[in-house]
Amino acid sequence: MTEPLVYREAELDEQRRYLITEDLIISPLDGAELSVITVRKRTSGVLPAILIFTIYAENNNKNQAMIAAAKGYVGVIATSRGKGQSTNAIEPYLHEHKDVNVVIDWISRQPWCDGQVGMYGGSYNGFAQWAALKNGVHPALKTIVPSVSAAPGIDVPMENNIFFNFPYKWIPYVTNNRYLDVQANLDRSHWKDLENNWYQSGAPFARMDSLDGKPNKLFHEWISHPTYDAYWQSMIPYREEFVHITIPILTTTGYYDDGQPGALYYYREHLRYRPEAEHYLVIGPYDHWGAQSASVPNLRGYEIDEVATLNIREELAFEWFDYILKGGSKPQLLIDKVNVQIMGRNQWLHASNLRAIANDSLTFSLSTRKAGNSYLLSVDKDPNPDFIPLAIDFADRSDQANANYYPWPIIRESIDLTDGLIFQTEPFEEDMIMSGSFSGDFHLISNKKDFDYAVTLYELTPDGNYFHLSYHIGRASFAQNRESRKLLKPGEVTHLTFGNTRINSKKIARGSRLVVVINGNKNPYAQINYGTGQDVSLESIRDAGEPLQLDLRNDSCIRIPIFREG
């Protein structure tokens, strides 16, 4: 009997201290319904409001709003159409560019608001902040703090034009009812079986819902747009639409954040079109959760440095709001516009822009010379032109390719030296700091019109462990432009470059080597590109034909960004 009494007392105390209301806003644009929860202290006067706009309608949403109220603001949680009290259809990503501003306008006209609104939150909630800025900045919106921000068409549900499987299970999670279908989302065995059944069957990616036995309209809507076309561009700021974004912004992401490509897309595009923007960036050893909430001492087996300890949701974000909305001091961490944590050095690197976190680079050629069981990543080019072959048989489902690229755990005792092409440097004679995005410049010949590829970067430490630094997965036909597919000419040399890899900053110890794994993509976790040049979602194992044959020329190279002190 004690537990219910305790909960009841807590609820009564909450009611004594806070005024909690639920409203249903009707959009003046098209009559859409938007569900809103507000929380404010009963003793408060007129205050700035902090808004989270989310598709994740939960019974405990008021607790998130209560954080802002406890910090001296009015906390507001608004949910997407069809969520909470809203009776509209649930259509993720489609309406936030209009609906968020409807909520901001409503907040600004409430008697408890001083006319200032700030926004924060991560993932979908980060996307919603950027969506709100697509067609202009509402006068009441003074700042945003987007964390690990999803960028539809950029990093979800596809990355570099490759559709991943994990967004498929997200759809029923957020669309099955007006709240969240937690039970469906946590049915891991179901989703794992579905992925494996699809992989083993060789069925087209587009038949995923048929194998699942549940029609999925949104899934088909997504995969019908394999290029970054007007469908995706309509959801978030695009090109010159970044010019009008003049409010101060604080972006947070992590080296091991699945949403890093999206977060950095917004950051780079904003600075590209508005170089003078007051836009700060914080990035460190955090994953998708840590970079929007709080760090953990041990991230997937890596003990983070003490200075990397950070609470973004409850501390840094509100230090920023105090700075912008209340004239307080700027957060101490933000010494410069870009702030990156150097793993293994227990220090932060502060720079005026993202390019400045590296001031030099090392270029390694992909040599045909061997270094043990691996090829050599050489500082010198091979004297004679040659090719390094890689073959992948898409018709053979007894094995997988590139199934272990994901950085979990971050530190491994070993990697599969038979999976892909393995290159490694000689041991380094002194410590150095890798800082930034590694890049590649490949010359190769393919026997197919297209292929998906992966490049994974490790530090092989003196004690024999593999420390995961970064990775890149791309589609050759979109390497030049995500908005336009350019098929390869089989048998001819293709020049393939990439640079939008995941950022990292880490001390590379004396005696360590860098290891690069180059591979194709054949596993249950993403589309399989059979190379016919057709829509990849419609290809099947019947299109496998002869194995993919890639011949990588030995004048290809990898570039590693480094930061030299002094």
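The residues on offer are 539, 546, and the sole one that is modelled with pLDDT of 95 or more and surrounded by 23 or more Cβ atoms within 10 Å (Cβ to Cβ) is 539.
The one condition from (1) within 20 Å of the chain's Cα centre (by Cα); (2) surrounded by fewer than 18 Cβ atoms within 10 Å (Cβ to Cβ); (3) assigned to a loop (DSSP other than H, G, I, E, B) that residue 272 does not meet is (3).
If you go through the range 61-97 and keep only what is of a type in the set (Phe, Trp, Tyr) and either within 26 Å of residue 216 (Cβ to Cβ) or outside the structural domain of residue 31 (by TED's automatic domain parsing) (or both), you end up with just 93. Of all residues in the range 108-133, those satisfying the criterion of being among the hydrophobic types (A, V, I, L, M, F, W, C) and over 20 Å from the mean Cα position of the chain (by Cα) are 112, 113, 117.
A quick yes/no check of all residues on (1) free of Cβ contacts under 8 Å to residues at least 12 places away in the same chain; (2) not basic (Lys, Arg):
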{"site": "60", "(1), (2)": "yes, yes"}
{"site": "72", "(1), (2)": "no, yes"}
{"site": "86", "(1), (2)": "no, yes"}
{"site": "92", "(1), (2)": "no, yes"}
{"site": "100", "(1), (2)": "no, yes"}
{"site": "109", "(1), (2)": "yes, no"}
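When you scan the range 170-187, how many residues do you find that are of a type outside the set (Ser, Thr, Tyr), part of a helix (DSSP H, G or I) and without any contact (Cβ under 8 Å) to a residue 24 or more places away in the chain? Count: 5.
Condition check ((1) farther than 28 Å from residue 49 by Cα; (2) surrounded by fewer than 17 Cβ atoms within 10 Å (Cβ to Cβ); (3) without any contact (Cβ under 8 Å) to a residue 40 or more places away in the chain; (4) of a type in the set (Asp, Glu)) across all residues:
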{"site": "279", "(1), (2), (3), (4)": "no, no, no, no"}
{"site": "285", "(1), (2), (3), (4)": "yes, no, no, no"}
{"site": "297", "(1), (2), (3), (4)": "yes, yes, yes, no"}
{"site": "303", "(1), (2), (3), (4)": "yes, yes, yes, yes"}
{"site": "306", "(1), (2), (3), (4)": "yes, yes, no, yes"}
{"site": "321", "(1), (2), (3), (4)": "no, no, no, no"}
{"site": "333", "(1), (2), (3), (4)": "no, no, no, no"}
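I want to confirm something. Restricting to the range 458-469 and keeping residues that are in contact (Cβ under 8 Å) with a residue 12 or more places away in the chain and surrounded by fewer than 22 Cβ atoms within 10 Å (Cβ to Cβ), which single residue is nearest to the chain's Cα centre (by Cα)? So the residue we want is 466. Does residue 345 meet the test of being surrounded by fewer than 18 Cβ atoms within 10 Å (Cβ to Cβ) and part of a loop (DSSP other than H, G, I, E, B)? Yes; evaluated as a whole, the condition is true for this residue. When 105, 30 are screened for being assigned to a helix (DSSP H, G or I), of a type in the set (D, E, K, R) and over 25 Å from the mean Cα position of the chain (by Cα), only 105 passes.
Filtered by the rule that a residue be within 27 Å of residue 495 (Cα to Cα), polar (S, T, N, Q) and touching a residue at least 12 places away in the same chain (Cβ under 8 Å), the range 395-446 gives 400, 402, 404, 424, 425, 435, 437, 439, 446.
Residue by residue, here is whether (1) touching a residue at least 60 places away in the same chain (Cβ under 8 Å); (2) touching a helix residue (DSSP H, G or I) at 6+ places or on another chain (Cβ under 8 Å); (3) over 30 Å from residue 312 (Cα atoms); (4) among the hydroxyl-bearing types (Ser, Thr, Tyr) holds:
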| residue | (1), (2), (3), (4) |
| --- | --- |
| 193 | no, no, yes, no |
| 205 | yes, yes, yes, no |
| 208 | no, yes, yes, no |
| 237 | yes, yes, no, no |
| 260 | yes, no, no, no |
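Note on the range 411-438: among residues that are surrounded by 22 or more Cβ atoms within 10 Å (Cβ to Cβ) and touching a helix residue (DSSP H, G or I) at 6+ places or on another chain (Cβ under 9 Å), the one that is farthest from residue 460 (Cα to Cα) is 436.
Condition test on residue 154, is it β-branched (Val, Ile, Thr), under 27 Å from residue 267 (Cα atoms), assigned to a loop (DSSP other than H, G, I, E, B) and touching a helix residue (DSSP H, G or I) at 6+ places or on another chain (Cβ under 9 Å)? Yes; evaluated as a whole, the condition is true for this residue.
Counting only strands (runs of 3 or more DSSP E) that sit completely within the range 475-542, those holding 3 or more residues that are free of Cβ contacts under 8 Å to residues at least 60 places away in the same chain, in contact with a strand residue (DSSP E or B) (Cβ under 6 Å, 6 or more places away or on another chain) and assigned by TED's automatic domain parsing to the domain that holds residue 557 correspond to 493-498. Here the range 127-165 is the region considered, the condition is being farther than 27 Å from residue 480 by Cα, touching a residue at least 40 places away in the same chain (Cβ under 8 Å) and of a type in the set (Gly, Ala, Ser), and the residue that is surrounded by the fewest Cβ atoms within 10 Å (Cβ to Cβ) is 136. If you check 326, 370, 381 for being over 24 Å from the mean Cα position of the chain (by Cα) and either crowded, with 21+ Cβ neighbours inside 10 Å or farther than 30 Å from residue 446 by Cα (or both), only one passes: 326. Each residue in the range 281-323 was checked for being part of a strand (DSSP E or B) and within 22 Å of residue 506 (Cβ to Cβ), and 12 pass.
If you take the residues of the range 31-44 that are touching a residue at least 24 places away in the same chain (Cβ under 8 Å) and not hydrophobic (A, V, I, L, M, F, W, C), which of them is farthest from residue 85 (Cα to Cα)?
Within the range 31-44, the match that is farthest from residue 85 (Cα to Cα) is 44.
The values are calculated or read from the model by the stated rules, or taken from the named source; none is laboratory data. No experiment lies behind these values; they were computed from the predicted model shown. Every residue, glycine among them, receives a Cβ derived from its backbone with ideal geometry; neighbour counts consider all protein chains shown.
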